[in-house]
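Read the structure below first, then the notes.
All of the numbers you see were taken from the coordinates with simple rules; none came from a lab. Computed from a prediction, not measured in an experiment: that's the story for all the values here. Cβ coordinates were reconstructed from backbone atoms using ideal geometry, including for glycine residues, and neighbour counts include every protein chain displayed.
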Amino acid sequence: MALDEVKIGGLGASRRRVEDNRFIRGKGNYVDDVVLPGMLHMEILRSPLAHARIKSIDTSAAYAIPGVRMVMTGEMMAARNLAWMPTLSYDTQAVLATDKVRFQGQEVCAVIADDPYIARDGVEAIVVDYEPLPPIVNPTQAMADDAVLIRDDKVNQNDNVIFDWEVGDRESTDRAFAEADTISEIDLHYPRSHPSPIEACGSIADYDRSTSKLTVYMTSQAPHIVRAAVSMVAEIPEHMIRIIAPDLGGGFGNKVPVYPGYVISILASILLEKPVKWIEDKTGNLISTGFGRDVYLKGKLALRKDGKILGVRMDTVSDHGAFFSDAQPSKFKIGLIHSAFACYDIPTAYLTNRGVYTNKAPGGVAYRCSFRVTEAMFFQERMVQAAADDLGMDQAEFRRVNLVKDDDFPKRTPFGFLTDSGQYEKCLQIGLDAIDYDTFKEQKAEAAKRGRLLGIGISTMTEPLGAGNSREYDILGIKMFDSAELRVHMTGKAILRTGAKTQGQGHETTWAQIVAHELGIPAEDIVVEEGDTDTAPFGMGTYASRSTPVAGAAVSMVSRKIRAKARKIAAHLLEVSDEDIEWELGRFYVRGAQDRGVTIQECAMAAYSNVPDGMEPGLENNAYYDPPNLTWPFACYISTVEVDPLTGVWDVIRMVAVDDCGVRINPMIVEGQIMGGLTEAYAMANMQFITFDEDGNCIGSNYMDYLLPTAWETPGFELHEVVTPCPHHPIGAKGIGECATVGGPAAFVNAVMDALKDIGVRNIDMPLLPDRVYEAIQTGQDVSGHPPVKNR
Amino acid sequence: MFPSRFRYEAPTSIEEAIALLGANEDAKVLAGGQSLIPMMKLRFANPALLVDINNIPDMGYHRADADGSFRIGALCRHADLEKSTILREHQPLLAAAAPLVADPIVRSRGTFVGSVCHADPQGDWAACMVALGGSIIAQGPNGKRAVEVKDFVSGPFTTVLARDEIAIEGVVPSAQGTRTGGYLKLERRVGDFATAAVAVSLDMSGGVVKNAGIGLVGVGAQTIDASEAAAALIGSSLDDDAVDRAAELAAAASNPRGDHRGSADYKRHIISTFVTRIIANVQRSEMQVA
Amino acid sequence: MTSLFEELQPAAAAEVQTTRVDIKINGEYKAAQIEPRLLLAHLIRNGFRLTGTHTGCDTTNCGACTVLMDGAPVKSCTVFAVQANGHEVTTVEGLATASELHPIQEGFKDEHGLQCGFCTPGMMMSAKALLDENLNPTEDEVRWALSGNLCRCTGYQNIVKAVLWAAAKMRGEAPPTFGAPADDSADEIADDSAEQPEERSDEAAIADDSAGGEG
Ligand SMILES: Cc1cc2nc3c(=O)[nH]c(=O)nc-3n(C[C@H](O)[C@H](O)[C@H](O)COP(=O)(O)OP(=O)(O)OC[C@H]3O[C@@H](n4cnc5c(N)ncnc54)[C@H](O)[C@@H]3O)c2cc1C
Ligand code: FES
Ligand code: FES
């Protein structure tokens, strides 16, 4: 008899998480928990100024402190050709500043001492003499004719523009606008934000002279990429580097790049021949590591009277900070921003992007997002709502007119991606029914008579997840495939290793479920390991919701390879030919004689004791998976809100989420991902952002100012699902980790804008802080979130 | 995250503590530590000596005395007040503010008196004390003195305490009639300091306001005593005119700076809105009682 | 030196004040000779090697470091270790006994109340403080009690369910079935086998009727 898939913890089982057994006991093993004998501690001195020339650095007082072992400066790094390092976007980034500091929080010195308290004493004792330069804190300043040059270190860089990029068909788009009945325009800013996992970054570098081997424990979502990068930067042979990413306290994209702190700790360990631990503090994390967003849009839609979108025009400017170190692997300068409008049937579109340097932290990362997809979908859904309002059309109806129909797949998006499947209208309808759309509209009208402001906002979107196929994606030339290695022991138990790296997504649980699904080995009989480059197969890491689409597919594929070999063994054991063997979950049997069979476990034993002549013994294999396409989950988020007209405070009444991420490996975990994403969406819409004052001081440099919502503010979520299996994924799954963060913000913002629509307000830039909302209500005007510009 | 070095003493009597403060130039009292330790971790504060008063017995009380006054000892924690039934019975304003100070974990350690001593312009308790006409009892080598909180706070993060004085208790004077009032705070999320907050205390008798006080938070360089606004309420029966006038005067008494939490105008507007709302809430609950 | 447990620098040790502290931690008496500036979180983590207590911020906001001191929740990054002298401290490692998980731990696992696990120890300690005082909390009371702890992964809804699950179990009732979809797989790890809710409730989520934030 075939096994019951759910019983063995296969696909669709809400299997409780294996990793929780250590976490709930306080037995997780995060980087800061690792202690090596003789370990020293490193603390970093950061620039207090956004833009300044370094005149001198005096480290003598720091050296005088007992317990301080070494003070590292840019000069020391430069002597070893390590003052600058290459970025993933083909620029360079300072490791320790030599000439200038280019943003507040930039790494200037590092102190290595016997314990972190003394290292901090050392940091405080360093005296740096700065000559302040005018700071540039937004693109307008950066592009001004007389703007001071931020990157004077680069030859041929004569202004603060990093790149200009365009995509789409300009001519046909111009024509669409010429023929339009109405043109709807909107200017938006998606503010700078930070992924801010609760655990900041850190590393322990341990160079062993006797073996020439460098071991680094590191908060990395992509340990193999780090190994390659360290090998290139530090000129250490790759086989002499071992990167271990132990448990990670969240990542959300923040832990993809290689940061100066890692590099400095590595050099310190080499120089001192002792393990050196660097644990970043929260301020260091918020002001110097990978941020998300910071993109400005001028958006236009060409519309026909009946609501049909004829063309899209998007002109965007992105603020990358002091170094172009975006951690993104696509061939496109500004990531996948042109995935905008993928769920709508639109004849033509054109998008431009200009990237600029500013005196702000570098390192645009995919903050719970596939490389600017978040901006794309937010812009899209805000443009859509503004257009519906401009036409006086119901926002749900406007979407219905433009959504791609179920039988139109495969479908080219207006910017050239290929979507493959979906049931968009069905998702929308489930959402509308769940929130009781029509009734709410009546309640809203009723409440308005009594001066209460209610609003409802919709966001529908499909996004490309799972970077990516090797045609369009690579990191420094390395293809974006992923891998899995499966060893089935003779007793039928197994160990699976992948090149991904879980940070809370629960790979230890779900990967085993995929194996269980493919092989019928109970999930509990499979251990999953990731994160150690000496043992895990090469992989590109976990971010951009790519693990299930890519590594998860590799897990399927390697299991199938194992099954293929096991089938041969089964034929041998059952003394029939391969072709006469049938498979049911967990068991091979002889066609026509179902009771004559062998279990996968029996095959495993035979693989080590009784293989057919000519067959290699053993039952292990690996698979590298290069996805044929991205996966395209779809989502519909609908939120209702009430705005307090006297304070500008708004509360979420309900939040409904309908997600179609294809087949759900573990529904419980999928729902967990969605709720986490919705919370970040709510945070973004309501309170969370990083801004800068005119002098380039970061506002949002700690949790007093950078606001993450607590259990109290966070609304309750109501989840629904639609399942359209991904046609090209071995088990029909799609990415899910980031959908809600990507699609969610617009639902909240659209809801507040809906509440203020009758006052004449069309836009308030995020976050919708009470004072911004109040100002909009008072003036009846839009409120821009553009950072302040001081005329110097 | 790593404070600089200091010496540490944990005396077991007030007298000992006062002597330690007197004998050391750069000493600081450590009470709940929920303002001082965060500042030390960031090295914004680097005292040479900490005099930890947590081992001094019998200072954790809060009680209603027979003379109608209400007393809060120097080691009474925010959480003690949040959970207190006698506080709810006697001091509605303080009871309304208690759950809005910081977050639940900070509240289990931070002290009421320490908060007033910290004199943060965004601190909640000092404004409540100003509205209530409360005092701090300070003890030094020469004995005790009472200082009204409106005079106690002398600037941002500064008080009139002498170097060798310890605040041993907060005292709220007795009510002239039935005490009512409320506290409203605009915070962006739990654990946030106030963008703006208002404390209103009203002593009512026969439907008429006998005594009133209004304290403002986050809208000036220190806690603001909006005494003119309060005066507009005294003698009134909380009619719309009096309330509007008080709201207007409270906004006028505030002196906010615009920042990323909101413009000066916005904060002023919040002050007047909250004055009105608190009084409306008071009237609504009176009606429910009646 | 800041603490006992690493090689002493002779020069540093001479003029620096150190104090002996005696702390009852998770029921065991421990002593250490420490500098007064050492934070309790660091004594627990580096001195006593109980690394379940985490630090996640510099400004006393995140609550990842929450432990119980004499039963009350405190942020151990904002208490000096010397202040714990003579007191009783409970950390996440003190929740379970050798053979049995605490119902709060079971609840967190059963209701998927954690993802990366970094905030979890602090969350569970706050939950314990709540349930020690109130075994019958409402959803709002749970949200309120946990509002000094930040979680970046879960969105809190499942954490709230986890605490309500634990409360029910501690009251001696069958844990509620509102939770995450039922786990029908048979692979519960033996010592963890919490009673599983039988089936998935059709209620979308308990938080449906929850009040929104206060802004
Ligand atoms: C995350 C967080 C959020 C917060 N949010 C708020 C908030 O919203 N509203 C708010 O009002 N507060 C807030 N606080 C501060 C908190 O309320 C503190 O508890 C309070 O400000 C100080 O009280 P304490 O007992 O902790 O004092 P400590 O930190 O021990 O001392 C503060 C200062 O007062 C002095 N001092 C203390 N007690 C005495 C005394 N008896 N005699 C003489 N001097 C003394 C100290 O020397 C020190 O200078 C917050 C704190 C944190 C960490
Ligand atoms: S470490 Fe964040 S509150 Fe203690
Ligand atoms: S589970 Fe990751 S922070 Fe809460």
Inverse of mean 1/r across different Cα pairs in the stretch A:109-182, Kirkwood, Å = 17.9 Å
How large is the helix-only mean residue ellipticity at 222 nm for chain A, computed as the sum of -39500 (n - 2.57) over DSSP H runs with n ≥ 4, divided by its residue count, in deg cm²/dmol to the nearest 500?
-> -8500 deg cm²/dmol
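If a helix is a whole DSSP H run, which ones in chain A reach 24 Å or further along their own axis (Cα) and hold a mean Kyte-Doolittle hydropathy of at least 0.0?
A:373-391, A:553-574, A:667-686, A:739-756
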Taking the alpha-carbon set of the stretch B:167-214, what are its Rg and Dmax in Å?
-> 14.2, 39
Eligible aspartates and glutamates near A:K255 by straight Cα distance, threshold 14 Å, same-chain separation 8 or greater | A:E199, A:D247, A:E280, A:D326
Can you work out the FRET efficiency for the pair C:V16 and C:L135, with r the C-beta to C-beta distance and R0 = 41 Å, to the nearest 0.05?
-> 0.30
Which ordering of A:L310, A:L49, B:L202 is given by a fewest-first count of other beta-carbon atoms within 10 Å?
-> A:L310, A:L49, B:L202
Sticking with the crude label model, points 7 Å out along Cα→Cβ, report the distance from B:R5 to B:R145 in nm, one decimal please.
-> 3.7 nm
Folded to 0 to 90 degrees: helix B:240-253 orientation relative to chain B principal axis, Cα = 40 degrees
What is the dipole size for the stretch B:176-290, taken about its Cα centre, with +1 at each Lys and Arg Cβ and -1 at each Asp and Glu Cβ, in debye to the nearest 20?
-> 420 debye
Using r as the Cβ-Cβ distance of B:E15 and B:D265, and R0 as 45 Å, what FRET efficiency do you calculate, to the nearest 0.05?
-> 0.35
Under unit Cβ charges (Lys, Arg +1; Asp, Glu -1), what dipole magnitude, rounded to 20 debye, does the protein assembly as shown have relative to its Cα centre?
-> 1660 debye
Count the net charge of all other residues whose Cβ sits under 14 Å from the Cβ of A:V404, scoring Lys and Arg as +1 and Asp and Glu as -1.
-> -1
Among the listed pairs A:K27/C:K161; A:K298/B:K185; A:K444/B:K210; A:K274/A:K501; B:K185/C:K30; A:K274/B:K41, give every one whose C-alpha distance is greater than 32 Å.
-> A:K298/B:K185; A:K444/B:K210; B:K185/C:K30
Which pairs break 19 Å Cα to Cα here: A:K333/A:K734; A:K333/A:K479; C:K128/C:K169; A:K757/B:K267?
-> A:K333/A:K734; A:K757/B:K267
In degrees, nearest 10, the alpha-carbon axis of helix B:14-23 is tilted away from the dominant principal axis of the alpha carbons of chain B by 70 degrees
Each residue of C:31-44 has, on average, a number of other protein chain C-beta atoms within 10 Å of its C-beta equal to 3
Qualifying GluC sites (Glu not before Pro) in the stretch A:232-278, DSSP loop, other Cβ atoms within 10 Å at most 16 = A:E235, A:E273
Rounded to the nearest whole number, the Stokes-Einstein translational diffusion coefficient of the stretch A:252-301 at 20 °C and 1.002 mPa s (Kirkwood radius, C-alpha pairs) in µm²/s is 158 µm²/s
Looking only at other chains, what is the average number of their beta-carbon atoms within 10 angstrom of each beta-carbon in B:96-106?
-> 6
Residue (of A:G614, A:F748, A:G38) at the positive-pole extreme of the protein assembly as shown, dipole from beta-carbon charges = A:G38
Pairing the Cα long axis of helix B:264-289 with the longest principal axis of chain B, what angle in degrees results, from 0 to 90 and rounded to the nearest 10?
-> 70 degrees
What's the Kirkwood radius of the stretch B:7-52 in Å, using all Cα pairs?
-> 10.8 Å
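Hey, how much of the P(r) for the stretch C:1-94 falls beyond 23 Å, as a percent of Cα pairs? List each step's numbers first, then the result.
On the way: 888 of 4371 pairs.
Everything past 23 Å amounts to 20 percent.
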Largest-first semi-axes in Å of the equivalent ellipsoid built from the Cα gyration tensor of the stretch B:172-290 are 25, 14, 13
Let me know the whole percent of all Cα-Cα pairs from chain B that are separated by more than 26 Å.
-> 42 percent
Cα→Cβ-extended label distance, 7 Å offset, between A:E694 and A:R304, nm = 5.1 nm
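Based only on Cα atoms, what mean projected area does the convex hull of the stretch A:273-342 have, in nm²?
Mean shadow area of the hull around the Cα atoms is 8.3 nm².
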What shape does the stretch B:1-139 have by the C-alpha gyration tensor, where a ≥ b ≥ c are the square roots of the eigenvalues, rounded means a/c under 1.5, and otherwise prolate means a/b greater than b/c and oblate the rest?
-> prolate
Work out the mean other chain Cβ neighbour count within 10 Å for the residues of B:118-126 and drop it here as an integer.
-> 0
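What does the highest-first list of C:126-132, C:157-163 look like by mean Cβ count within 10 Å? Don't skip to the end; give the middle numbers.
On the way: C:126-132: 23.6, C:157-163: 29.3.
In descending order of packing, they fall as C:157-163, C:126-132.
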Take peptides A:581-590, A:748-757 and line them up by average Cβ neighbours within 10 Å, highest first, as a rough protection proxy.
-> A:748-757, A:581-590
Dipole of the stretch A:217-357, Cα-centred, from +1 at each Lys and Arg C-beta and -1 at each Asp and Glu C-beta, to the nearest 20 debye?
-> 600 debye
Under the rule rounded for a/c under 1.5, else prolate if a/b exceeds b/c, else oblate, using alpha carbon gyration tensor axes a ≥ b ≥ c, the stretch A:132-249 is classed as prolate
Taking the stretch B:178-289 and dividing mean pair separation by its residue count, relative contact order in percent (alpha carbons under 8 Å, at least six apart) = 24 percent
Taking a ≥ b ≥ c as the square roots of the Cα gyration tensor eigenvalues, with a/c under 1.5 meaning rounded and otherwise prolate when a/b beats b/c or oblate if not, the stretch C:97-174 comes out oblate
Taking a label point 7 Å from the Cα of A:D436 along Cα-to-Cβ, the residues of the stretch A:686-722 whose backbone nitrogen sits under 18 Å from it are A:716-720
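Could you calculate the contour length gain from A:R209 to A:R487, that is, 0.36 nm times the residue separation minus the distance between their Cα atoms, to one decimal place in nm?
Going from the current span to full extension adds 96.7 nm.
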What distance in nm separates the simple spin-label points at A:Q423 and C:E173, each placed 7 Å from Cα in the Cβ direction?
-> 3.6 nm
Cross-link partners among aspartates and glutamates for A:K441, C-alpha distance below 14 Å, same-chain residues fewer than 8 apart left out?
-> A:D394, A:E397, A:D433, A:E642, A:D754, A:D758
Determine, from the Cβ-Cβ distance of B:S237 and A:M704 and an R0 of 45 Å, the FRET efficiency 1/(1 + (r/R0)^6), rounded to the nearest 0.05.
-> 0.60
Highest first, please rank the peptides A:142-153, A:689-700, A:627-638, A:548-559 by the mean number of other Cβ atoms sitting within 10 Å of their residues.
-> A:548-559, A:627-638, A:689-700, A:142-153
What does chain A give for Rg and for Dmax, in Å, if only its C-alpha atoms count?
-> 27.4, 87
Cα centroid distance between the stretch A:769-786 and the stretch A:29-107, in Å?
-> 42 Å
Taking 0.36 nm per intervening residue step and subtracting the Cα-Cα distance, what contour gain separates A:Q778 from A:D758 on full extension?
-> 5.9 nm
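Based only on Cα atoms, what Rg/Rh ratio does the stretch B:62-172 have, Rh being taken as Kirkwood's radius?
Numbers: Rg = 13.1 Å, Rh = 13.9 Å.
In the stretch B:62-172, Rg relative to Rh is 0.94.
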Taking Rh as the Kirkwood radius computed over alpha-carbon pairs of the stretch B:109-246 and applying Stokes-Einstein at 37 °C with viscosity 0.692 mPa s, one gets a diffusion coefficient in µm² s⁻¹ of 212 µm²/s
